[in-house]
1. I need the full set of residues from the stretch 181-213 which are basic (Lys, Arg) and assigned to a loop (DSSP other than H, G, I, E, B), in order please.
2. Collect the residues in the stretch 22-50 that are part of a helix (DSSP H, G or I), among the charged types (D, E, K, R) and either crowded, with 19+ Cβ neighbours inside 10 Å or touching a Phe, Trp or Tyr at 6+ places or on another chain (Cβ under 8 Å) (or both), keeping them in residue-number order.
3. Please go through the stretch 112-137 and pick out each residue that is at pLDDT 95 or above, under 17 Å from the mean Cα position of the chain (by Cα) and not aliphatic (A, V, I, L, M).
4. In the stretch 119-139, what count of residues is obtained for those that are among the hydrophobic types (A, V, I, L, M, F, W, C), closer than 19 Å to Asp265 by Cβ and assigned to a loop (DSSP other than H, G, I, E, B)?
5. Conditions: (1) more than 30 Å from Pro266 (Cα to Cα); (2) in a helix (DSSP H, G or I); (3) modelled with pLDDT of 95 or more. Gly75 meets all but one. Number of the miss?
6. Can you report the number of residues in the stretch 125-169 which are surrounded by fewer than 18 Cβ atoms within 10 Å (Cβ to Cβ), aliphatic (A, V, I, L, M) and within 21 Å of Ile99 (Cβ to Cβ)?
7. Does Gly217 meet the test of being in a helix (DSSP H, G or I), surrounded by fewer than 19 Cβ atoms within 10 Å (Cβ to Cβ) and within 21 Å of the chain's Cα centre (by Cα)?
8. How about the stretch 51-64: which of its residues are surrounded by fewer than 18 Cβ atoms within 10 Å (Cβ to Cβ) and part of a loop (DSSP other than H, G, I, E, B)?
Amino acid sequence: MEELAFQALVAAGTAEANARPLAVATAMTEADGIASHGLAYVPIYAEHVRCGKVDGQAVPTVTEPRPGVVVVDGGTGFAHSAIDAGFQRLQPLAKSQGIAVLSIHNSYNCGVLGVHTQRLAQAGLLGIGFTNAPASIAPSGGAKPVVGTNPFSIAAPDGQGDVALLIDQSASTIAKSEVMKHAREGQPVPEGWVLDAEGRPTTDPEAGLKGSMVPSGGYKGVGIALTVELMAAALTGATLGSVASPFSGTAGGPPRTGQCFIAIDPLATSAGAFQERLSHLVASFRDQPGARLPGDSRRNCRTKASTEGVAVNAALLARVRELL
């Protein structure tokens with residue numbers, strides 16, 4: 001899957017240095033059981049390279065304007081390349097100073113945010129990430145979208161080079177890509193996912209895509225979306241979701257959205273108690289029969305994928321291969 005995605009992106013006009021991290025993330029996402037963000041996005045990425053919505057040849061520019069602060073201008077290229085460039089500076093800074101911040105602007109859809117925060121956890125750091133998206137959530141009491149589904153993610157290290165806990169959730173009840181997937185397949189969505197343009201509940205994914213996403217937890221979901229917009233757009237100088245072009249289709253030019261990552265070395269903050277406390281916290285979930293710890297479903301899918309492979313829709317594979 002990684003090689004297929006890589007070849008398709010290069011064939012569309014993406015530089016190999018930009019195609020590789022995106023292809024790696026695509027394969028990881030499929031292995032984690034998040035098919036809506038995997039190979040299904042490769043035709044969209046290729047289309048956006050060809051129409052100029054994303055610059056497949058972009059080279060991210062990295063600066064360190066203050067101690068502990070890394071800033072990346074993505075140059076309207078793929079977010080994955082900008083994140084890779086920023087992490088090269090962010091990780092050693094966090095290890096040496098205890099904490100560091102990465103600010104990315106002029107960016108693009110970064111896919112599954114947890115793919116990136118888990119890398120920080122695998123490096124022994126507590127990784128916190130935010131990414132904003134084109135507006136699709138209306139404020140409480142309103143019907144016009146002003147903020148995106150705006151995910152945030154927190155990944156905690158297990159002290160042995162892997163992830164002990166991974167939280168990755170959007171501000172909406174469901175990721176917008178899931179609604180897009182249902183629309184492509186001509187399937188209705190469950191009630192509570194989307195609203196139409198007048199703010200009325202609907203199970204029609206096309207009407208929902210023209211309307212708005214239902215925020216998770218009502219007004220609390222709007223608060224999460226607003227928090228992420230503050231961190232990933234206002235704090236980074238990226239484009240607000242209310243004026244960013246869509247992540248789907250060819251209209252509007254580069255979205256120029258942003259990402260923000262905070263990396264913290266637990267050894268610097270917990271007097272050595274972090275792993276013990278985290279182990280007890282994780283155990284309090286797993287000791288209860290049937291209880292679900294955030295991130296466990298991905299871990300289980302990845303374990304299964306390593307032994308049984310990953311089933312991919314034949315029509316989707318054919319669509320990606322047509323790009324070669």
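1. Of all residues in the stretch 181-213, those basic (Lys, Arg) come to 181, 184, 200, 210.
Arg200, the sole residue that qualifies.
2. Scanning the stretch 22-50 gives a single hit, Glu30.
3. Of everything in the stretch 112-137, those that are at pLDDT 95 or above, under 17 Å from the mean Cα position of the chain (by Cα) and not aliphatic (A, V, I, L, M) turn out to be Gly114, His116, Thr117, Gln118, Arg119, Gly127, Gly129, Phe130, Thr131, Asn132, Pro134.
4. Step one: list which residues in the stretch 119-139 are among the hydrophobic types (A, V, I, L, M, F, W, C), which gives 120-121, 123, 125-126, 128, 130, 133, 135, 137-138.
If we keep only those that are closer than 19 Å to Asp265 by Cβ too, we end up with 120-121, 123, 125-126, 128.
This time we only want the ones that are assigned to a loop (DSSP other than H, G, I, E, B), so: 123, 125.
Final tally of qualifying residues: 2.
5. (2)
6. Residues meeting the conditions: 1.
7. Working: in a helix (DSSP H, G or I): no; surrounded by fewer than 19 Cβ atoms within 10 Å (Cβ to Cβ): yes; within 21 Å of the chain's Cα centre (by Cα): yes.
Against the criterion (in a helix (DSSP H, G or I), surrounded by fewer than 19 Cβ atoms within 10 Å (Cβ to Cβ) and within 21 Å of the chain's Cα centre (by Cα)), Gly217 does not qualify.
8. Restricting attention to the stretch 51-64, the residues satisfying the condition of being surrounded by fewer than 18 Cβ atoms within 10 Å (Cβ to Cβ) are 51-52, 57, 59, 61-64.
Within the stretch 51-64, Gly52, Gln57, Val59 meet the criteria.
The values are calculated or read from the model by the stated rules, or taken from the named source; none is laboratory data. Because the structure is a prediction, the values reported are computed rather than measured. Ideal geometry is used to build each Cβ from the backbone, glycine not excepted, and the neighbour counts take in all protein chains shown. Only protein heavy atoms, including side chains, enter the accessible area calculation; ligands, DNA and RNA are left aside. Shrake-Rupley method; radii C 1.70, N 1.55, O 1.52, S 1.80 Å.
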